[in-house]
Each structure stands twice: as structure tokens, then as C-alpha cells.
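Step one of this worksheet: look at the structure below.
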Amino acid sequence: MIEQDEQFMRRAISLAEAGMNQGAGGPFGAVVVKNGEIVGEGFNQVTSTNDPTAHAEIVAIRNACEKLNSFQLDECVLYTSCEPCPMCLGAIYWARPASVFYAATREDAANIGFDDRFIYEEIEKNFENRQMKLVNLLRGEGLTVFANWTAKTDRTNY
């Protein structure tokens, strides 16, 4: 299995290189594999699409979910050229692949200007101590929608 894992990781790394060379965004690539077959792949497209969420892992997850016609990546493995940032890590947990392999570390990424440390630090703080102001507004109206969801009999749980 190691050889196959290395093959898929090399694909993720080659996507990182390709996206970078195309000027699509930063040097990051990812692939999603199910049963030994690539079902989704992507490279960072943040600057080319003006989408701060277009990280390689997000692009690959979206691609795989569309191909699999599912909002979850059950029995899938994600290979990414770099340790996922906090946003991508959250998306990965929501997508629920079986495992994740990564090449470069977050420290390696920080060394070339992609430093997510401040986000990790912000997550640990109480809302009132964060740099970005977060304001709770119209909670009651928001809770009404939650109550309607709870009462909905034809919802798809996830």
C-alpha cells in the first residue's frame, strides 16, 4: 500500500506544481482517492478565482463529492501536498474521509509565507479576546429556523 500512497501523494505534489506554474494560486495540491481510484483533485486557486476558500483540499473535496454524488467522503483517503490549514481541516472533518496523508508541514508552509499560526491562536481565545469582532445578533430569530429544522420530517441528517 505504501507504493500506492506515494503515487497518490506524488500526484498531489504535481498538482501543487502545476497550479503554481499556471499562476492559479499558492503551491498546494490535493487528491481524493476511493478504492484505489482518484475521484477528486485540485490545486490552490485562491488568486485566480478571487476565492479565499479555493484551497487545494477544498477544491478536491468539492470535485470528489460532485463525482460521488455525496456530501461525505466515506471510505476515501485525502492526499495533500501540505498539512491542512484550519479551514481545510474543518472541511476535511465535515467530509469524513477515512484518513489524510500530507507531505510538507505547517511549519514548512510558514517558512515560505503561508503562516496559519495566528488562526490556531485565535481559535483558542474567547470571542471577546479575538482580533476580529464577533457579535451575537438576532439569536431568537436564528433559533426559530433551528426549531423548524428540528421539526422537519423530511430532512437529510448529516
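The values are calculated or read from the model by the stated rules, or taken from the named source; none is laboratory data. A quick note: this is a predicted structure, and the numbers were derived from the prediction, not measured. Cβ: placed from backbone, ideal geometry, glycine included. Neighbour counts: every protein chain shown. Calculation scope for accessible area: heavy atoms of the full protein, side chains included, ligands and nucleic acids excluded. Shrake-Rupley method; radii C 1.70, N 1.55, O 1.52, S 1.80 Å.
Ratio of Rg to Rh for the range 37-81, alpha carbon only, Kirkwood?
Details: Rg = 10.7 Å, Rh = 10.8 Å.
So for the range 37-81, dividing Rg by the Kirkwood Rh gives 0.99.
Note the angle between two axes, namely the Cα long axis of helix 56-68 and the longest principal axis of the Cα atoms of the chain, as a number of degrees from 0 to 90, rounded to the nearest 10.
80 degrees
What's the angle, to the nearest 10 degrees (0 to 90), between helix 86-95's Cα axis and the longest principal axis of the chain?
80 degrees
If you place +1 on the Cβ of every Lys and Arg and -1 on the Cβ of every Asp and Glu, how big does the dipole about the Cα centre of the range 23-112 come out, in debye to the nearest 20?
Value, rounded to 20: 120 debye.
Give the lysines reachable from residue 133 as a straight Cα distance under 28 Å; neighbours fewer than 8 places away on the same chain don't count.
Straight-line reach from residue 133, under 28 Å: 125.
When the dipole is taken about the Cα centre of the range 67-121, and only Lys, Arg (+1) and Asp, Glu (-1) are charged at their Cβ, what size is it in debye, to the nearest 20?
It works out to roughly 220 debye.
Kindly express, to the nearest 10 degrees and within the range 0 to 90, the angle between helix 139-151's C-alpha long axis and the longest C-alpha principal axis of the chain.
80 degrees
Can you list the residues, at least 5 places off or on another chain, whose amide H is less than 5 Å from the amide H of residue 82, using H built in the peptide plane?
29, 103, 104
Among 16, 32, 157, which residue has its Cα furthest toward the positive end of the charge dipole of the chain, with +1 on Lys/Arg Cβ and -1 on Asp/Glu Cβ?
Checking the options against the dipole of the chain, the answer is 157.
Divide by every residue of the chain the summed helix terms, -39500 (n - 2.57) for each DSSP H run of at least 4, and state the resulting mean residue ellipticity at 222 nm, rounded to the nearest 500 deg cm²/dmol.
-14500 deg cm²/dmol
Among 131, 114, 4, whose Cα lies farthest out toward the positive end of the dipole of the chain, if unit charges sit on the beta carbon of Lys, Arg (+1) and Asp, Glu (-1)?
Going by the charge dipole, the pick is 131.
Would you mind working out the magnitude of the charge dipole of the chain relative to its Cα centre, with +1 at each Lys and Arg C-beta and -1 at each Asp and Glu C-beta, to the nearest 20 Debye?
560 debye
What GluC sites (Glu not before Pro) does the range 74-158 have in DSSP loop regions with at most 13 other beta carbons within 10 Å? Provide the component values of the computation, followed by the final result.
Details: sites: 75, 107, 121, 122, 124, 128, 141; in loops: 75.
Answer in residue order: 75.
With every protein chain left in place, what is the accessible area per residue of the chain in square angstrom, probe 1.4 Å?
Normalised by residue count, the accessible surface of the chain is 67 Å².
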